[in-house]
Each structure stands twice: as structure tokens, then as C-alpha cells.
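As C-alpha cells, the structure follows; a few thoughts come after it.
The values are calculated or read from the model by the stated rules, or taken from the named source; none is laboratory data. Worth saying up front: this structure is predicted, and the values here are computed from it rather than measured. Positions of Cβ are backbone-derived with ideal geometry, glycine not excepted, and every protein chain shown enters the neighbour counts.
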Amino acid sequence: MQFHEYGAGQKETILLLHGGGLSWWNYREAAEKLGEDYHVILPVLDGHAGSDRPFTTIEDNAAELLSFIDERLGGSVLLIGGLSLGGQILLEMLSQRAEVCPYALVESAAVLPSRLTNALIGPAFGSSYGLIQNRSFAKMQFQSLHMKPELFEDYYRDTCRIRKQDMIAFLKANTAYALKDSFRDTEAAVHVFVGEKENSEILRSAEAICRARPSCSLHLLPKLRHGEFSINHADRYANAVRQIVRGDRRRTRIVRRYGA
């Protein structure tokens, strides 16, 4: 697994795990801001542009990151954040090791498997994968993701570099992932962020995560769609991380605090 780092001289470490089909630049702007106070590490998930191995499973990615934390970071870090596929890998890390971090920020992670969507991924991408390198098609796809325009070149370059078998593998893993029972034993203070305009599957998943771990804090982000929080609002995202670590939630809208 490859990594990009910011604030290497800082004492406390934060890991941020990008969304599926994106790459480390998902968090670049937030990492630049957080690097003033923390050592921020942005892994490139397996099977994505710039990675050094194919994508296998969410569980394998989680285990690989835990090994990296053991070997390089003394067995634990201050906070781990993750968007979508990255959020699923974060949830899996918390399930595999209860004490890996005291704070976790899960953004827009699905934990309710969809058999139909999962079954359609292989045929759909088998026939349409060639369009990915078409710049006009890529622009339409990019616009549907509601990312800020200046990220298009990063998106287009790295999407073109993802192999078809890897894209199918991580999309199938994304639509098949279910939260493990062991997640309830995590020692982390888990904060679940979800956009108000996300689809019902993601909204219901946020509720399911918090039911599984009653001490979770659920944050609804008004007017935001999938991934917009960390990608398009780096200032707000970095501030949310700081507030979570400092225990100051006054400036973050909490819809419901389970088990409070």
C-alpha cells in the first residue's frame, strides 16, 4: 500500500481513507489544513491509481492498514476517517481491533448489502468499462458526483488508471459489505456523518451503524450529497476533526446522540 503524508513532524497521527474510484487527493485539501497540527497519512487503497497491489476485499485492506499501524505507528493512531469505501474499511478496522484509535469519523458508508446491485456490477462494467477513458463521458460522470470542478483532472487521470477487474472488485465489495458484530466492542468514539441529500441506503446505513454501537454520534449535513463534506468542504471537515479530538461538538450539528 502506498501513502502520502502531511505534517510529518507532528506528534499525533490521523489516517484518512479515500472513497472508491477516487484516490488520496480526496483528502488533499483537508490534509493540508490538518497537517498544521497533526501528522496526516493518506493511504492509496488497493486497486486504485497509484496502489501497488490489486483490490481483494475490504477485510484485507483493513488488515493491511492495521499491519502498517503496527509497524510504523506503534499500534494505534489518534483518529481514522473514511469516506464511502474508505468508511467501510474504517468500520472493518474497528471491528478487527477495538483499540486501534480513540476517535473515528465515518462518512457516508453503506452497511446494508444490496444483492441486486451487486449482481449487476459485473455485466454493467464489463460492457461499459471502455467509456471510462472517453473524456466527455468522464465529465458527465464527474458532474454526477458533485465534486468541485478543479478536481476533474485528478479524477479523470486516476479513473483511467484503474483496471477493470479492480473496479469491479471494489464496487462489488462496496455493495456487499455488512457490519460485523464485533464492531460493537470498539473503544473508539465513533462519529457518523451523512449528507441530507444522500440516497436512502446511505441514510439507513448511518442509522444502522449507530444502532450497532449506541454511543455513536450521528451528524446530518444539511444540503450535502454523497462525499461532498470531505471533498468540497475541506475547512468544515478539518474543523470537525479538530472538534471531535478536542471533545467540542458545539459547532457540529448532531441530529441524535445514541446512548446519551
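Yes or no: the range 168-189 includes at least one residue that is touching a strand residue (DSSP E or B) at 6+ places or on another chain (Cβ under 8 Å) and hydroxyl-bearing (Ser, Thr, Tyr).
Of all residues in the range 168-189, those touching a strand residue (DSSP E or B) at 6+ places or on another chain (Cβ under 8 Å) come to 186, 188-189.
The next check asks that each one be hydroxyl-bearing (Ser, Thr, Tyr); those that pass are 186.
Yes, some residue in the range 168-189 is touching a strand residue (DSSP E or B) at 6+ places or on another chain (Cβ under 8 Å) and hydroxyl-bearing (Ser, Thr, Tyr).
Do we have any residue at all in the range 11-28 that's surrounded by fewer than 16 Cβ atoms within 10 Å (Cβ to Cβ) and either within 15 Å of the chain's Cα centre (by Cα) or not hydrophobic (A, V, I, L, M, F, W, C) (or both)?
Yes: the range 11-28 contains one or more residues that are surrounded by fewer than 16 Cβ atoms within 10 Å (Cβ to Cβ) and either within 15 Å of the chain's Cα centre (by Cα) or not hydrophobic (A, V, I, L, M, F, W, C) (or both).
Yes/no per residue for (1) at pLDDT 90 or above; (2) among the hydrophobic types (A, V, I, L, M, F, W, C); (3) within 26 Å of residue 119 (Cα to Cα):
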| position | (1), (2), (3) |
| --- | --- |
| 136 | yes, no, no |
| 153 | yes, no, no |
| 159 | yes, no, yes |
| 178 | yes, yes, yes |
| 183 | yes, yes, no |
| 196 | yes, no, no |
| 203 | yes, yes, yes |
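When the residues of the range 184-233 are narrowed to those that are part of a helix (DSSP H, G or I) and polar (S, T, N, Q), which ends up surrounded by the fewest Cβ atoms within 10 Å (Cβ to Cβ)?
We begin by selecting, within the range 184-233, every residue part of a helix (DSSP H, G or I); these are 184-185, 200-212, 228-232.
Checking the rest, the ones that are also polar (S, T, N, Q) come to 200, 205, 230, 232.
Details: 200: 8, 205: 25, 230: 28, 232: 16.
This residue is 200.
Test each condition in (1) touching a residue at least 24 places away in the same chain (Cβ under 8 Å); (2) out of contact with any strand residue (DSSP E or B) (no Cβ under 7 Å at 6 or more places or on another chain); (3) under 24 Å from residue 236 (Cα atoms) for residue 149 and report the one that comes out false.
Going through (1) touching a residue at least 24 places away in the same chain (Cβ under 8 Å); (2) out of contact with any strand residue (DSSP E or B) (no Cβ under 7 Å at 6 or more places or on another chain); (3) under 24 Å from residue 236 (Cα atoms) one by one, residue 149 breaks only (1).
Among 138, 110, which is touching a residue at least 24 places away in the same chain (Cβ under 8 Å) and closer than 20 Å to residue 227 by Cα?
When all the criteria are applied, what remains is 110.
Being of a type in the set (Gly, Ala, Ser) and either touching a strand residue (DSSP E or B) at 6+ places or on another chain (Cβ under 6 Å) or under 18 Å from residue 111 (Cα atoms) (or both), is that true of even one residue in the range 127-144? Step through it out loud before you land on a result.
Here is the first cut: in the range 127-144, the ones of a type in the set (Gly, Ala, Ser) are 127-128, 130, 136, 138, 144.
Next, from what is left, pick out any that are either touching a strand residue (DSSP E or B) at 6+ places or on another chain (Cβ under 6 Å) or under 18 Å from residue 111 (Cα atoms) (or both): none.
So far as the range 127-144 goes, no, none of its residues is of a type in the set (Gly, Ala, Ser) and either touching a strand residue (DSSP E or B) at 6+ places or on another chain (Cβ under 6 Å) or under 18 Å from residue 111 (Cα atoms) (or both).
Would a scan of the range 114-132 turn up a residue that is of a type in the set (Gly, Ala, Ser) and at pLDDT 95 or above?
No, the range 114-132 has no match at all.
Only one of 42, 90 is within 16 Å of residue 240 (Cβ to Cβ) and either buried (at least 24 other Cβ atoms within 10 Å of the Cβ) or touching a strand residue (DSSP E or B) at 6+ places or on another chain (Cβ under 8 Å) (or both); which?
Result: 90 is the single residue among 42, 90 that is within 16 Å of residue 240 (Cβ to Cβ) and either buried (at least 24 other Cβ atoms within 10 Å of the Cβ) or touching a strand residue (DSSP E or B) at 6+ places or on another chain (Cβ under 8 Å) (or both).
Residue pairs, Cβ under 6 Å, 6 or more apart or interchain, first in the range 6-28 and farther than 23 Å from residue 138 by Cα, second of a type in the set (Val, Ile, Thr) and in a strand (DSSP E or B). List them.
So the pair list comes out as 6/40; 7/40; 14/40; 15/41; 15/80.
For residue 124, state whether it is touching a Gly at 6+ places or on another chain (Cβ under 6 Å) and either surrounded by 18 or more Cβ atoms within 10 Å (Cβ to Cβ) or over 25 Å from residue 194 (Cβ atoms) (or both).
So residue 124 fails the test.
For the range 49-60, state whether one or more residues are buried (at least 17 other Cβ atoms within 10 Å of the Cβ), closer than 13 Å to residue 17 by Cβ, among the polar types (S, T, N, Q) and in contact with a Gly (Cβ under 9 Å, 6 or more places away or on another chain).
No, the conditions are met nowhere in the range 49-60.
Please work out which residue is surrounded by the fewest Cβ atoms within 10 Å (Cβ to Cβ), limiting yourself to the range 71-85 and to residues that are within 22 Å of residue 245 (Cβ to Cβ) and without any contact (Cβ under 8 Å) to a residue 40 or more places away in the chain.
Here is the first cut: in the range 71-85, the residues within 22 Å of residue 245 (Cβ to Cβ) are 72-83.
Next cut, without any contact (Cβ under 8 Å) to a residue 40 or more places away in the chain only: 72, 74-76.
Numbers: 72: 12, 74: 9, 75: 12, 76: 16.
If we take residues in the range 71-85 being within 22 Å of residue 245 (Cβ to Cβ) and without any contact (Cβ under 8 Å) to a residue 40 or more places away in the chain, then 74 is surrounded by the fewest Cβ atoms within 10 Å (Cβ to Cβ).
Please tell me if residue 89 is within 21 Å of residue 161 (Cβ to Cβ) and at pLDDT 95 or above. Please lay out each step first, then the result.
Numbers: within 21 Å of residue 161 (Cβ to Cβ): yes; at pLDDT 95 or above: yes.
Yes: the conditions hold for residue 89.
Looking at the range 183-223 only, could you name the residues that are of a type in the set (A, V, I, L, M, F, W, C) and over 15 Å from the mean Cα position of the chain (by Cα)?
Across the range 183-223, the qualifying residues are 183, 188, 189, 203, 208, 210, 212, 216, 218, 220, 221.
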